[in-house]
Amino acid sequence: MKGEAVPDLKTAPRADATEPDRVWFRFMRLHQRMLGQMTARIRALGLSIPQFDLLSTLTEREGISQNELAERLYVTKGNVSGLVDRLVQAGLVERRAIAGDRRSYAMHLTPEGRRLAEAGIAAQRDFVAQTLGKLPADDLAELDRLVLSWRDLARAVDEG
């Protein structure tokens, strides 16, 4: 038809666009792409994502125990113990004795650990600004609303 606008096939909604499976796969592919991009940025600092997660958690709650770290990171105590061991050896984290508790230690960042955590946080903020931060405010608010609704549905399934 002469004079009609041709839809952009990359952004035009398709008839099957609202099928939950399609939305799920798009979301999962987006997650994988973003994770890969953030992983590259964090690796450029010499860190893995789990190492960055631990260091950035300590910027928020320095002095917590390994058990608390495991809970905050949603990993096992054994996983966090090995991760802390490696970060202590790398000079990024210190274990300090907790008065009155000979079995637990408080986790603290070294100056280098803090520097790397802050550099990773800055890289993360920059990435978010370049991507999600470019959405119009109304779209961002709607996305937040939808993600929270989806999260609540997933929690309800867990609680069964």
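The values are calculated or read from the model by the stated rules, or taken from the named source; none is laboratory data. Computed from a predicted model, the values in this text were never measured in an experiment. Note: ideal-geometry Cβ built from the backbone for every residue, glycine included; neighbour counts use all protein chains shown. Calculation scope for accessible area: heavy atoms of the full protein, side chains included, ligands and nucleic acids excluded. Shrake-Rupley method; radii C 1.70, N 1.55, O 1.52, S 1.80 Å.
Do the conditions hold for Gly120, that is, is it in contact (Cβ under 8 Å) with a residue 24 or more places away in the chain and in a helix (DSSP H, G or I)? Break it down into steps so the answer makes sense when it comes.
Details: in contact (Cβ under 8 Å) with a residue 24 or more places away in the chain: yes; in a helix (DSSP H, G or I): yes.
Criteria met by Gly120.
Has the stretch 24-37 got any residue that is in contact (Cβ under 8 Å) with a residue 40 or more places away in the chain, more than 26 Å from Leu153 (Cα to Cα) and not β-branched (Val, Ile, Thr)?
Of the residues in the stretch 24-37, the ones in contact (Cβ under 8 Å) with a residue 40 or more places away in the chain are 34, 37.
Now narrow it down to the ones that are more than 26 Å from Leu153 (Cα to Cα): 37.
Filter once more, keeping what is not β-branched (Val, Ile, Thr): 37.
Yes: the stretch 24-37 contains one or more residues that are in contact (Cβ under 8 Å) with a residue 40 or more places away in the chain, more than 26 Å from Leu153 (Cα to Cα) and not β-branched (Val, Ile, Thr).
Just checking, does the stretch 89-102 include any residue being open to solvent by 50 Å² or more (accessible area, probe 1.4 Å), closer than 22 Å to Phe27 by Cα, among the hydrophobic types (A, V, I, L, M, F, W, C) and at pLDDT 95 or above? If you could, list the steps in order and put the result at the bottom.
Initially, the stretch 89-102 is screened for residues open to solvent by 50 Å² or more (accessible area, probe 1.4 Å), giving 89-90, 94-102.
Add one more test, that the residue is closer than 22 Å to Phe27 by Cα, and what stays is none.
For the stretch 89-102, residues open to solvent by 50 Å² or more (accessible area, probe 1.4 Å), closer than 22 Å to Phe27 by Cα, among the hydrophobic types (A, V, I, L, M, F, W, C) and at pLDDT 95 or above: absent.
Looking only at the stretch 128-139, decide whether some residue is hydroxyl-bearing (Ser, Thr, Tyr) and either open to solvent by 70 Å² or more (accessible area, probe 1.4 Å) or assigned to a helix (DSSP H, G or I) (or both).
no
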TODO: Determine if the stretch 32-46 includes at least one residue that is more than 20 Å from Ala129 (Cβ to Cβ), modelled with pLDDT of 90 or more, over 19 Å from the mean Cα position of the chain (by Cα) and surrounded by 11 or more Cβ atoms within 10 Å (Cβ to Cβ).
DONE: no
- [ ] Please determine, by comparing only the residues of the stretch 103-116 that are part of a helix (DSSP H, G or I) and within 20 Å of the chain's Cα centre (by Cα), which one is surrounded by the fewest Cβ atoms within 10 Å (Cβ to Cβ).
- [x] Arg115
- [ ] Kindly indicate whether any position in the stretch 121-136 is of a type outside the set (Gly, Ala, Ser), within 19 Å of Ser56 (Cβ to Cβ) and touching a strand residue (DSSP E or B) at 6+ places or on another chain (Cβ under 7 Å).
- [x] no
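Do we find that Tyr74 is within 30 Å of Gln32 (Cβ to Cβ) and of a type in the set (Phe, Trp, Tyr) in this structure?
yes
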Task: the stretch 77-105 residues that are free of Cβ contacts under 8 Å to residues at least 60 places away in the same chain, paired with ones that are in a loop (DSSP other than H, G, I, E, B) (beta carbon under 6 Å, 6 or more apart) - done: Gly91/Thr110; Leu92/Thr110; Glu94/Thr110
